[in-house]
Amino acid sequence: MNDRNFSRRRRGGHRFRPSGGLGTPKPLRPDPGASQARAAATAEEPVQEAIFDTARHSREIERAENRAAGLPPDAVPAPEPADPGAHKKDFRKPDLNVPAEVKEELFEPVPVAEPPPQGIVDTLKVVANRVIRKVHRLIKPPRKIHKEVIINAESLETRVAVLEEGRLEEFTIERTGDERLVGSIFKGKVKNLEDGLKAAFVDIGFEKNAFLHYWDIVPNSFDSSVELVERGQRRRDKPRITQRDIPRLYPPGRDIVVQVTKGPIGNKGPRVTTNLALPGRYLVLLPNSDQSGISRKIENQEERPRLKKILRELNIPEGMGVIIRTVGEGQQKRYFVRDLALLLEEWHEIQGRIDSQALATCVFREPDLVERTVRDFLTEDVERIVIDSQTEFDRVRLMIGRISKRSVAKVKLYSESQPIFDRFNISRQLEGAFSRQVHLKSGGYIVIDETEALVAIDVNTGRHKSSSKEQESVIYKVNLEAADEICRQLRLRNMGGLIILDFIDMKSRKDQQSVYQRMKEGLRRDRAKTHVLPISQLGLMEMTRQRHTESVRASVYDDCAHCKGRGKVKSALTMSVEIQRKLGEILKKRHRDETDFQLKVILNPLVYDRLRTEDERLVIEMEKRYFGKLLFRPDPSLNAEQFKIVNVSNNEELANVGG
């Protein structure tokens, strides 16, 4: 058939019509190729003997086999007899070390001893507070969620934990000697401009210059999380600054006031901006912007107009703006007026330091962890703040007294001999939270691996035994609980960047969408910005989380000196092979003569046992082949990958591997 006839037939009456009609399109079916790739990767069905090259995918296949066996992807499973009834289809093999299900117990707050009242006035206050609490209980039932902030202040570090019903929900740690960079303001000096990068490099007194992108110099509009509110004031007609004006306005050598938005991570220096922001208790002051707004996290449609009215009535200096924070919901106008006065007083002090201090110096230091905790976490739903340091206890009471005097009573001093984190069961929760494998109440568990490029989180069913009819509901239940736990773990560990979530495969698209919505709901309470995508055809969920500072894991742990952070060391068999290879290389180089040639090998005891037992025959054959004598000496101080080879006749060190 020629092209002309073919074209004529295409224009005829035989036109394509969708099987479902021209109405609402049906949801797309999963791509068969993607489904097959997923099935092959997870080894859900027995695979025939391969006839094509699979060597380059061997690592991926091994990980899939480990997952199918209910083990962490990188684990080395111990050999065990095959179980003919272990065929699991969509289920991972149960982990018998995991409890089938954990039953919840009713939470009882930890009692904290209160000092006896001093004098008649204090006694009357205590009695009055008890009466008020009883009246409140009669009028309305007590809040269901018991939320408290626990502060452990020590000489080298400060730790803050937020508990809800005794469960750890937020955790922050700060070392005494750490630089509090993010949020700090510096009087810097422009060192050079890179037009190719559209960035300036600013000297703020550190080894690496700060990175200032042109977009962070140009006045920015509000983020999508803030609603702009017009205050009804005439704005001064300022000349609009564009990126083309920056080389003229900020040439090298010019001083510039910047605020750190991102601390140094790895080889990157700090990132800064000229759009300054001073956070207070209820407001955020914007000294260089005349825009004002309200946080969109305040979702009450009746509350937002009231706050807008308060915002328009505030006496904000010309050329400045403010943002009402989420904690401002339900607060009276006087709290905003007081907070604005404190912020303006602080800004005037900063301006004085800008005028008097030298270049490349800090003019405003971000408050320490205790002060930030009071500023960010002390909300109406917090029932108490418990502190184990008398100094910090007095300081917190003073800070809270400036904001809300009635909240001072929430601050409690912990003076018992048992460490405060042990008393409130936080230490045990931290051990479980920061392990690679985190167990769920339903019996499942998640495995978390942090790498340089991304964070991988794998969900497993754990110890579940159910019929095929119940499998889908059990999988759905485990995935929902895993979504809640993953959101919690992201906050606890302060993990950021690209995050890949591998949930257990669900056939129902409705279930997949429910898990996706559960993740979005759980991420709403995260103070870091997040973006999450629905579950893909490969069964993976992708998301990103804003990273301001290094994760808790990076700040608390150092890489192992032996494995260099791999989490693995070479096996005794591998080291035996390497030692024999090195011995063969040395023995081949020497000239064969009548003199006796002896080599002493100093090595780890585990590798020594391997060479003196299973590989002894190979060592004897090497001695006969090269006419040499080999001596082996175990040394417990050497790690598994370390060994030395010494010439016995002159004590010359011929090889030193892993040292």
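The values are calculated or read from the model by the stated rules, or taken from the named source; none is laboratory data. No experiment lies behind these values; they were computed from the predicted model shown. Cβ coordinates were reconstructed from backbone atoms using ideal geometry, including for glycine residues, and neighbour counts include every protein chain displayed. Just so you know, the surface numbers come from the protein's heavy atoms only, side chains and all, with ligands and any DNA or RNA stripped out. Shrake-Rupley method; radii C 1.70, N 1.55, O 1.52, S 1.80 Å.
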Report task. State yes or no: is VAL577 closer than 30 Å to ILE645 by Cβ and open to solvent by less than 80 Å² (accessible area, probe 1.4 Å)? Result -> yes
Requested in this report: For GLN489, state whether it is open to solvent by 20 Å² or more (accessible area, probe 1.4 Å), at negative phi and assigned to a helix (DSSP H, G or I).
Outcome: no
Report summary line: Here the residues within the stretch 532-562 that are among the acidic types (Asp, Glu) and under 30 Å from TYR476 (Cα atoms) are GLU542
Report task. Give the residue that is farthest from PRO247 (Cα to Cα), with candidates limited to residues of the stretch 200-213 that are aliphatic (A, V, I, L, M) and touching an Asp or Glu at 6+ places or on another chain (Cβ under 9 Å). Result -> ALA210
Query - Residue count, the stretch 394-413 (criterion: free of Cβ contacts under 8 Å to residues at least 24 places away in the same chain and either farther than 18 Å from TYR282 by Cβ or open to solvent by 50 Å² or more (accessible area, probe 1.4 Å) (or both)) - result: 5
Query raised in the report: Considering the stretch 492-523 alone, what residues qualify as being open to solvent by less than 30 Å² (accessible area, probe 1.4 Å), within 26 Å of GLN471 (Cα to Cα) and aliphatic (A, V, I, L, M)?
Result: LEU501, ILE504, MET506, VAL515, MET519
Query raised in the report: Among (1) buried (at least 16 other Cβ atoms within 10 Å of the Cβ); (2) assigned to a helix (DSSP H, G or I); (3) among the acidic types (Asp, Glu), which single condition is GLU641 missing?
Result: (2)
Report task. Any chance you could count how many residues in the stretch 320-331 are of a type outside the set (Ser, Thr, Tyr) and either farther than 22 Å from ARG402 by Cβ or open to solvent by 50 Å² or more (accessible area, probe 1.4 Å) (or both)? Result -> 4
Query raised in the report: Residue check, GLU623 against (1) over 20 Å from LYS570 (Cβ atoms); (2) assigned to a loop (DSSP other than H, G, I, E, B), all met but one. Which one?
Result: (2)
Query raised in the report: When you go through LYS208, LYS191 one by one, which is the residue that is open to solvent by 50 Å² or more (accessible area, probe 1.4 Å), part of a loop (DSSP other than H, G, I, E, B) and either under 25 Å from GLN351 (Cβ atoms) or not aromatic (Phe, Trp, Tyr) (or both)?
Result: LYS208
Report task. Working carefully through the options PRO279, PRO317, PRO305, find the one that is more than 25 Å from TRP215 (Cβ to Cβ), open to solvent by less than 60 Å² (accessible area, probe 1.4 Å) and not small (Gly, Ala, Ser). Result -> PRO317
Report task. Starting from residues that are of a type in the set (A, V, I, L, M) and within 30 Å of ARG254 (Cβ to Cβ), keep the ones in the stretch 359-381 and report whichever is most open to solvent (accessible area, probe 1.4 Å). Result -> LEU359
Requested in this report: Return yes or no: is GLY266 at pLDDT 85 or above, in a loop (DSSP other than H, G, I, E, B) and open to solvent by 20 Å² or more (accessible area, probe 1.4 Å)?
Outcome: no
Query raised in the report: Looking at GLY177, GLY232, which one is open to solvent by 40 Å² or more (accessible area, probe 1.4 Å), modelled with pLDDT under 85 and on the phi > 0 side of the Ramachandran plot?
Result: GLY232
Query raised in the report: Any idea how many residues of the stretch 290-302 are more than 28 Å from the chain's Cα centre (by Cα) and open to solvent by less than 30 Å² (accessible area, probe 1.4 Å)?
Result: 2
Query raised in the report: Among (1) surrounded by fewer than 21 Cβ atoms within 10 Å (Cβ to Cβ); (2) out of contact with any Leu (no Cβ under 6 Å at 6 or more places or on another chain); (3) free of Cβ contacts under 8 Å to residues at least 60 places away in the same chain, which single condition is LYS441 missing?
Result: (3)
**Report entry** Every pair of residues 6+ apart whose Cβ atoms lie under 6 Å, when the first sits in the stretch 324-345 and is assigned to a loop (DSSP other than H, G, I, E, B) while the second is charged (D, E, K, R)
**Finding:** GLU329/GLU303
Requested in this report: Could you grab me the full set of residues in the stretch 614-628 that are modelled with pLDDT of 90 or more and open to solvent by 90 Å² or more (accessible area, probe 1.4 Å)?
Outcome: GLU614, ARG617
Report summary line: Just one listed residue, out of ARG384, ARG334, is in contact with a strand residue (DSSP E or B) (Cβ under 7 Å, 6 or more places away or on another chain), of a type outside the set (Asp, Glu), farther than 30 Å from ASP203 by Cβ and surrounded by fewer than 18 Cβ atoms within 10 Å (Cβ to Cβ), and it is ARG384
Query raised in the report: Can you pull out the strands (runs of 3 or more DSSP E) entirely within the stretch 519-616 that have at least 3 residues that are among the aromatic types (Phe, Trp, Tyr) and either within 30 Å of ARG271 (Cβ to Cβ) or without any contact (Cβ under 8 Å) to a residue 24 or more places away in the chain (or both)?
Result: none
Report task. Might you check whether a residue that is in contact with a strand residue (DSSP E or B) (Cβ under 6 Å, 6 or more places away or on another chain), farther than 16 Å from VAL370 by Cβ and buried (at least 20 other Cβ atoms within 10 Å of the Cβ) occurs anywhere in the stretch 149-156? Result -> no
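So that you can scan it fast, the table gives a plain yes or no per residue for (1) without any contact (Cβ under 8 Å) to a residue 60 or more places away in the chain; (2) within 29 Å of LEU369 (Cα to Cα):
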residue: LYS187; (1), (2): no, yes
residue: GLU194; (1), (2): yes, no
residue: ASP203; (1), (2): no, yes
residue: PHE211; (1), (2): no, yes
residue: PHE222; (1), (2): no, yes
residue: PRO247; (1), (2): yes, no
residue: PRO252; (1), (2): no, no
residue: VAL272; (1), (2): no, yes
residue: ASN275; (1), (2): yes, yes
Query raised in the report: Is one or more of the residues making up the stretch 240-249 over 17 Å from LEU343 (Cβ atoms) and buried (at least 17 other Cβ atoms within 10 Å of the Cβ)?
Result: yes
**Report entry** Matching strands (runs of 3 or more DSSP E) fully within the stretch 357-474 where at least 3 residues are more than 25 Å from the chain's Cα centre (by Cα)
**Finding:** 361-364, 382-387, 411-413
